[in-house]
Protein chains: 2
Amino acid sequence: MPSIYLAGPEVFHPEAMALGRAKQALCRALGFEGLYPLDGEIPAGDLPPPELALAIYRANVGLIRQADLVIANLTPFRGPGADAGTVFEVGFALGLGKRVLGYRNVADSYLDRVRTWNIVPLTRDSAGHATDRDGLMVEDFGLGDNLMIDGSLIEGGIPVIEHAAEPGAALTDLTAFAHCLKRVQALLSSE
Amino acid sequence: MPSIYLAGPEVFHPEAMALGRAKQALCRALGFEGLYPLDGEIPAGDLPPPELALAIYRANVGLIRQADLVIANLTPFRGPGADAGTVFEVGFALGLGKRVLGYRNVADSYLDRVRTWNIVPLTRDSAGHATDRDGLMVEDFGLGDNLMIDGSLIEGGIPVIEHAAEPGAALTDLTAFAHCLKRVQALLSSE
């Protein structure tokens, strides 16, 4: 059974385990095994915080190595862009040569979100590029996040699947995740 | 000459080219070639924005594949954590089996920065974990960023090198970068 690593910031949600189980059930319904980060093997016992962090890192990396593919939840997290842990995992999996699909439960552009984050209006530098309140250039390619993220998925053939979730449901809505699973199914059946 | 990919959000700084040249000069002084993202080969002509983004993605990925090592500027960018493009590149390089060093021009913890970002005080869930204003758990391992980032560098043997830069100099201070170069030099001379 093909296995899919389920990357995403829902591991920080109060319903993290239930969300993982729901994703895994959707995987199973299509004949896939979902590997959820919180199911990684952590050594028993009370580890001091830095060692626990390293154990979780190793468990996640182990699950990614084990997985055939990755589906990443790239929904913005604590800022205008995707969760850093998830972005790391997308890069790592691509470096390993794995196929990665991604979804984002918002449909606006990165520029739109930086505009909100910036509070004061964005400005323009002498070359006409949008700049934020710190004078730093803001990417304006019409993409939903940093070009390394969205570019990598475009390069892989399946751009980030965007879905405007209801307010408050950005981390829990599984519509776009289910869409990704269908794409995986189509991919694997055509190979 | 060993080559080092120079990952970091200074590409968005108004002095991006000068910062790249300064990093490259520090590399050369120790016998390394610095590969700066803005030096990637982009096809000539006016590309539409999404195609330009993809061309930059490809150029950066090409430079990372070409590099022997990566030094990543993990200084927080538009939020409590590191720049997404840089984080992607760290993961990608590690997936390729490259050695990655990182630095951060702040010395506080991720939890400290989320506390500032959160505006209102953090709360605790029933298990005692810190939670942000959206009810999402905040990592509290005493690390400077998401555990996938800091864990990966601990695992590699050289934890993120932190340096508290002066206010306003977080993206331009090269003290910690120079420190990383010394570590690279020591590494390569011991191999």
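All of the numbers you see were taken from the coordinates with simple rules; none came from a lab. Remember, predicted model here, so these are calculated numbers, not experimental data. No Cβ is skipped: glycine too gets one built from the backbone with ideal geometry, and neighbour counts run over all protein chains shown.
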Of all DSSP beta bridges located in the stretch A:1-85, what percent are antiparallel, nearest 5?
-> 10
Per q in 0.31, 0.32, 0.35 1/Å, what log10 I(q)/I(0) does a Debye calculation on the alpha-carbon atoms of the stretch A:88-129 return?
-> -1.05, -1.07, -1.13
Return one number: the angle in degrees, 0 to 90 and rounded to the nearest 10, between the long axis of the Cα atoms of helix A:84-95 and the longest principal axis of the Cα atoms of chain A.
-> 70
Computed over chain A: longest principal axis from alpha-carbon atoms vs helix A:16-29 long axis, angle to nearest 10 degrees, is 70
Label-to-label distances across copies for residue A:164, with labels 7 Å out along Cα→Cβ, in nm, shortest first?
-> 4.5
Mind checking A:173-186 for the average number of partner chain beta-carbons within 10 Å of each residue's beta-carbon?
-> 0
Just B:71, B:42, B:158 to compare: in a GNM of chain B, with alpha carbon springs under 10 Å, which one fluctuates most?
-> B:42
Using the eigenvalues of the Cα gyration tensor, what equivalent ellipsoid semi-axes result for chain A when each is taken as the square root of five times the eigenvalue, whole Å, largest first?
-> 30, 20, 16
Of the lysine pairs in the protein assembly as shown, how many meet both conditions: Cα atoms under 23 Å apart, and a spacing of 8 or more in sequence or different chains?
-> 7
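Please give the peptides B:177-183, A:77-83 ranked by average Cβ packing (other Cβ atoms within 10 Å per residue), highest first, as a rough proxy for protection.
Values: B:177-183: 18.0, A:77-83: 25.3.
Packing proxy ranking, top to bottom: A:77-83, B:177-183.
Counting only other chains, what is the mean number of Cβ atoms within 10 angstrom of the Cβ of each residue in peptide B:135-143? List each step's numbers first, then the result.
Numbers: counts 5, 11, 6, 2, 5, 2, 9, 4, 4.
Mean shielding by partner chains, rounded to a whole number: 5.
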In vacuo Debye scattering of the protein assembly as shown, one point per C-alpha: log10 I(q)/I(0) at q = 0.11, 0.14, 0.15 Å⁻¹?
-> -0.75, -1.28, -1.49
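Per residue of A:46-52, how many C-beta atoms from partner chains lie within 10 Å of its own C-beta, taken as a mean?
Numbers: counts 0, 1, 2, 6, 8, 2, 2.
Counting Cβ atoms of other protein chains within 10 Å of each residue's Cβ and averaging gives 3.
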